[in-house]
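Some notes on the structure that comes next.
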Ligand code: SF4
């Protein structure tokens, strides 16, 4: 894993994602290395995904300047790459950005796969509006280890949701991308686990292939099962994802969870 410190020129970037006015990404590259990740396509970065992280170490200073001149709005943190990947434990750029945002009290919305977000509960609790979304794709640990190699197990992510809820932080779960077969296995338990954690909102998303995604995903699927690539191709061509989205929305409703497609 190559970790480089880089200098960023801007911190807040206008966002077109639903509900967000700005995006803030303290890292470029991601150690979690999900095989379906869209970020390399968004960043148009040809380097092997999961093999590098650039740390925008000066971001809190740039952010402080921008907060004085920009109009307040919801800041999405980690919209391209996870803001709580392992190097954040050492560099704390995300934490320093939250410290910079807090006196301005702009709303923040975080999406992560990592329990490291719990470290910043003290800051998050100080915002008038802060929410945290935790991504969980499957309860199937064998799939998770291959497809999200340096992510935490689903059980830890559910525990993260529970602790955030206990601390009074608004939470949501992101079930996506749906992984054919793997998401289905244990889907009832996954939705029940989200409800038991106290989360009342779920966003669901299908698998979307961007440029280069299939080349990254296919060998990992094959490593899990020779037949999986063909099964995924069939799912991508047919009604599978629409059916799965509907099934998850129905299941969520039965557990008292408001669920909707992410896009
Ligand atoms: S955690 Fe997010 S940014 Fe990192 S590899 Fe996975 S999908 Fe990509």
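How far is helix 240-254 tilted off the main Cα axis of the chain, in degrees rounded to 10, range 0 to 90?
Between the helix axis and the principal axis of the chain, the angle is about 70 degrees.
Just to be sure I understand: of the beta bridges DSSP finds with both ends in the chain, what percent are antiparallel, rounded to 5?
The antiparallel fraction comes to roughly 10 percent.
Given points 7 Å out from each Cα along the Cα-Cβ axis, report the residue 209 to residue 2 separation in nanometres with one decimal.
Taking the simple label geometry, residue 209 and residue 2 are separated by 2.9 nm.
Against the longest alpha carbon principal axis of the chain, how many degrees, from 0 to 90 and to the nearest 10, is the axis of helix 187-196 turned?
The angle comes out near 30 degrees.
Would you mind calculating the relative contact order of the chain from Cα pairs under 8 angstrom and at least 6 residues apart, reporting the percent as a whole number? Walk me through the numbers before you get to the answer.
Working: 497 pairs, mean separation 44.6, N = 263.
Over the chain, the number comes to 17 percent.
Compute the acute angle (0 to 90°) between the alpha-carbon long axis of helix 154-166 and the principal axis of greatest extent of the alpha-carbon atoms of the chain; round to the nearest 10°.
For 154-166 against the chain, the angle is about 40 degrees.
Going by a ≥ b ≥ c, the root eigenvalues of the Cα gyration tensor, does the chain fall in the rounded group (a/c under 1.5), the prolate group (a/b larger than b/c) or the oblate group?
Cα axes put the chain in the oblate bin.
Bear in mind that the values in this text are calculations on the coordinates, not laboratory data. A quick note: this is a predicted structure, and the numbers were derived from the prediction, not measured. Ideal geometry is used to build each Cβ from the backbone, glycine not excepted, and the neighbour counts take in all protein chains shown.
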